[in-house]
Structures are given as C-alpha cells and as structure tokens.
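Before any comments, here is the structure.
Nothing in this text is a laboratory measurement; each read-out follows from the coordinates by a stated rule. Computed from a prediction, not measured in an experiment: that's the story for all the values here. Because the Cβ atoms are built from the backbone with ideal geometry, glycine has one as well, and the counts that use them run over all protein chains shown.
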Amino acid sequence: MGVQIVVFAVCAIVALLGALGVVFARNPVHSALGLVATLFAIAVLFVNQNAQFLGVVQVIVYTGAIVVLILFVIMLLGVDTDEDLDTEPLLGQRWAAVIVALLLIGGIAGIFFVEGRGEAVTGQVAALAPIVPGIPSTDAQGNPTTAAGVDTFVRALPAEQQQAIGEQNITQIGEHLFTDYVFAFMITAALLTIAVIGAVLMARRPKRYEPMPELEDTSYEDVDELSTTGEVTG
Amino acid sequence: MNVDTIDLNAGYLVLAAMLFAIGAAGVLVRRNPLVIVMCVELMLNAVNLTLVTFSTMLNDIAGQIMVLFVLVVAAAEVVVGLGIIVAISRRRPGATADDIRVLRG
C-alpha cells in the first residue's frame, strides 16, 4: 500500500514537471526532453497499476520511437533555435489558455468533491473481461466496488497469487486483442500502412520545386514601411 | 486501507486531468508546430492514464486494450504530422503556426 502511494507521488511530480517543461521551454529540444520525463513517469504509473505490458509498450513506442522521431525532425530542420515567448501574438491569449486549463482541472477534480469518491466513476464492473475473476460487482453493503478497484482485492491475496495476476497481464491482453478486438486490430494494420505511405509521399522532395510565396503583410508597421519606400523611389 | 486506495484512484484521475490541461494550454499558447505536436502527445498520454485507471477501477481489461489502440493511432498521427511539418518547413523555413494559416500551395 505504502509503496504504491510513494511511487504515485514521485511519478506524479516528475510527470507534472516534465509537462510544464514541454509548455514553458523556449527551445524545442528542451521541450522534447521534458516530454521524455513525462512519458517515463506515466510508464511507471502504468506498472504501478498492474498494467505491465502497457508500461513496456509505452517506453518502447513513445520514448523509443515517437520522441526520437520528433528530435530527429528538430535536428533535421534546424529549428532548435529559441522561440520568442515574450511577445504575445494575440492579446490575452495566454490568460485565456490558463483560464481554460484551470476550468478543465477544476471541473474534473470538482466531480470527486461534489459527487463523492464512489459515485464519480460509473460503469459496469467487468463488462467484458475481468482482470481478476471472482470480484463481486457490489460489496457487502450493496455499494458498487467500482471506486475501490482491483488493487484492494489483489493486495488481500497471498504474494504468489499477486505475482500470478501480474504475469497474466500480457496473456489477457493477447487473448482479447485477437478474439474480441481482432477486427479493430486489422484496421490498425491498415492505418499504419496508410500512415507510412502518406509520410513517404509528403516527405519526398518534389521535382518541380518552388518556394511558397510570401503572404501579403497586413500589419500597420508594414504598411508604413511600404509607403515610406514608395516616397523614396517616387 | 480501503479509503487510501480510493484516494489513489482519484489521484490518478486528477493527475491525468492536470496533464491534459497543461497539454491543452500548450496547444493554445505555443506557435512552434513541433511543440504543438508534443503537447498533443501529452494530452493523448493523459487520456491513456485515465483509461488504465478506469480499467483497474472497473476490473476490466478492455481499457488497457483501448490504450494499445490509442498508442498505435498516436504513432500514425505523429508520423503524418511530422511529414507535414517537414514538407512545410522545406518550402517556408522557420514557419510558425501563424504563418501557415493560408493553405495555398
């Protein structure tokens, strides 16, 4: 019990700091490194919740492939220059974004205070495939066991059975992925093929190469500049 | 003991909400397309964390399978998004999200 809470606290802090680093870093490379910290912390949180397979996949796919791909593009384009964060392109945009973020957090966190911890999450217990079979959907008082979750029941078991449940994770995911969700799985394969072909097509250097034309400038400073240069030449 | 577990589950959900909000704020504020892609990844990961938490709370493996699909779709999304960013930066180096508001070739 105590170990889980400590792991959660440490990883939550790391994840939040990394996420703030992604948003506030001026250099895109620093943003990518903050993203790595957050993704690692989330992988540890997956393992903390008895989702070992997803923890491993998270590290391999996200930190191993996606972030490396993003870093590759940063280096390739040479856009690892600092962004000017002091000027605000839209007046009040940052405050609006902060307000939206706070409303989002407050709305979700508020559910737990208003609705109570048990009623906040609704849903059918073990609708498709129970992770741990034999857990009743209601406890002795008739309350749904939703809020307590699997962890309480798993921790009450002896250590060998707990380990067995952890080792079953990959087996369970595989069984249901290749039976109940096999159609979605095949669609996923098609999606990946389409994405690869699309990426190759877009990243290919076109034969007829012409740079994008400059946009017309509409700001007042540029209009002044145009008029002054017009006076000089005229 | 039971109460602590409930708090931990709620803690996961609140943490995911905070990560999602930070990612959303990043998408709204930042103008570098690469950083916007990273913030979208942050939001997707927050949702993944929520799905795994619900999977544990409801004692159902389906949530974890859904996370697997989200991972695959996120990978495809990043590949296509970075392809678009590379194609745009080749034509207009140093373009921010404000510069590419006109989608004409």
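Okay, here's what the table says:
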item	result
Computed lengthening from residue A:20 to residue A:109, 0.36 nm per intervening residue step minus Cα-Cα distance	30.1 nm
Shielding score for A:2-14, defined as the mean number of other chain Cβ atoms within 10 Å	2
Partner chain coverage, peptide A:102-110 - average Cβ within 10 angstrom	4
Where labels lie 7 Å past Cα in the beta-carbon direction, separation of residue B:92 and residue B:80 in nm	2.2 nm
Förster-model FRET efficiency, 25 Å R0, residue A:175 and residue A:7, C-beta, rounded to 0.05	0.35
Extended-chain gain in nm, criterion 0.36 nm per residue less alpha-carbon gap, residue A:183 and residue A:159	4.9 nm
Chain B - Kirkwood radius from inverse mean 1/r over Cα pairs (Å)	15.7 Å
Evaluated at q = 0.18 Å⁻¹: base-10 log I(q)/I(0), Debye formula over Cα of the range A:158-204	-0.68
